[in-house]
Amino acid sequence: MKKLLILLTIMVMTILTGCGNQENAETASSETAAEQPAPEPAGPPTGMINGHFVADKDYSNLPTDPTIAVYDAYTLEERLAAGLPTQAPEVPHYFPPEGEKIAYLTFDDGPEGVITPKILDILKENGIKATFYVTGQSCEAHPEVLKRIFEEGHAIGHHSYNHQYKELYPDENNFLAQLVQTEAIIKNIIGVRPIMLRAPGGADNDFNKRYRPFLLSKGYIEHDWNSANNDAVRQNVPASELISTIKRTTGDFNPSAIILMHCCGGHMATADTLQQCIDIIKGKGYTFGVMSPMTPQPREERPAPPAPETPQAK
Ligand SMILES: [Zn+2]
């Protein structure tokens, strides 16, 4: 009987100790879990989505295809609030293979309700993607056209909120404020923000030396142009002049033609002559791309090929 009692006592103690251990183990494992950092929130989807590209939060995933439009899932204000990097991505610039040429059709000052859709129709018929540098005011007035530009795979770039030089050019902070205002409008319509930028009037004419590095540090990449149809040099430029200017300014010399045109009111002649201009540009051997972080600056030269390796001394 005494032996049985001792045996029972041992069994009960073993069970109790075991439970105790299990309890400790559970406590220990929940303590370990508490010490581990919480998993990062998933964030918005990135990569190729419906024919355009959304950059990662550190811009580490950008495409190398010059026909793909690149956007950012975050506005500058969202990046700052989340502690994400804001510096614009630096990637190797795209130059077509020796003997080939690429043209970037760019349309400024839209979207607009009649001329921009006509331009979009022509681009669609030709299977060409282009770039639209839009103002915030125009996006507010024609959100459905902005949406169409985006959905048809074109690139969208910034072009300020109101295009008023006297507000944009005394101070780079004024310029930035218009970009911040505009990208909130754009993101509200298409769900992403542009990172490409064209300065109203052109950076060559209007930026002082502070603007470009300041805007790059906030995530905006500016491009002027090196070709044009000169549709904005004065009112009602005749069609024949637009065509001859395209012939002249695209030249046969330029492997990367960034072509300035306008798609807002008063530029119906640009839409009317677009098919002819496309035929001329194609006839010169160009293919078509969209403005992206890979696009060289207008006067950037193709880098020299690497020097041949010198034979090793024996
Ligand atoms: Zn403009």
Exercise for review: Output the residues belonging to the range 133-150 that are farther than 30 Å from residue 252 by Cβ and within 13 Å of the ligand (Cβ to nearest atom).
Suggested key: 134, 135, 136, 137, 138
Study note, to complete from the structure: Counting only residues that are hydroxyl-bearing (Ser, Thr, Tyr) and either assigned to a strand (DSSP E or B) or within 16 Å of the ligand (Cβ to nearest atom) (or both), the range 93-109 contains a total of 2
Check your understanding: Is it the case that residue 112 is in a loop (DSSP other than H, G, I, E, B) and within 16 Å of the ligand (Cβ to nearest atom)?
Key -> yes
Practice item. Output the qualifying pairs, or none if there are none: Cβ atoms under 8 angstrom, residues six or more apart or on different chains, first residue in the range 155-183 and over 11 Å from residue 218 (Cβ atoms), second residue modelled with pLDDT under 95 and within 13 Å of the ligand (Cβ to nearest atom). Key: 165/206; 168/206; 169/206
**Study point:** Restricting the range 225-249 to residues that are within 16 Å of the ligand (Cβ to nearest atom), surrounded by fewer than 18 Cβ atoms within 10 Å (Cβ to Cβ) and under 29 Å from the mean Cα position of the chain (by Cα), the residue that is nearest to residue 108 (Cα to Cα)
**Key:** 232
Practice item. Among the residues of the range 48-64, write down those that are surrounded by fewer than 16 Cβ atoms within 10 Å (Cβ to Cβ) and over 17 Å from residue 93 (Cβ atoms). Key: 48, 49, 50, 51, 56, 58, 60, 61
Review point. Which one of the conditions (1) within 16 Å of the ligand (Cβ to nearest atom); (2) touching a helix residue (DSSP H, G or I) at 6+ places or on another chain (Cβ under 9 Å) does residue 271 fail to meet, given that it meets all the rest?
Key: (1)
Check your understanding: Which condition number does residue 260 fail, the rest of (1) crowded, with 23+ Cβ neighbours inside 10 Å; (2) over 17 Å from residue 225 (Cα atoms) being met?
Key -> (2)
Practice item. Report yes if residue 257 is of a type outside the set (Ser, Thr, Tyr) and without any contact (Cβ under 8 Å) to a residue 40 or more places away in the chain, otherwise no. Key: no
Revision key, fill the gap. Reported set for the range 265-314 where residues are under 18 Å from residue 128 (Cβ atoms) and free of Cβ contacts under 8 Å to residues at least 24 places away in the same chain is 279, 282, 283
Exercise for review: Can you tell me which residue within the range 118-132, out of those that are farther than 14 Å from residue 231 by Cβ and buried (at least 19 other Cβ atoms within 10 Å of the Cβ), is nearest to the ligand (Cβ to nearest atom)?
Suggested key: 132
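The values are calculated or read from the model by the stated rules, or taken from the named source; none is laboratory data. The structure presented is a predicted model; accordingly, all values stated were derived computationally and were not measured. Positions of Cβ are generated from backbone atoms using ideal geometry, with glycine treated the same way; all protein chains shown enter the neighbour counts.
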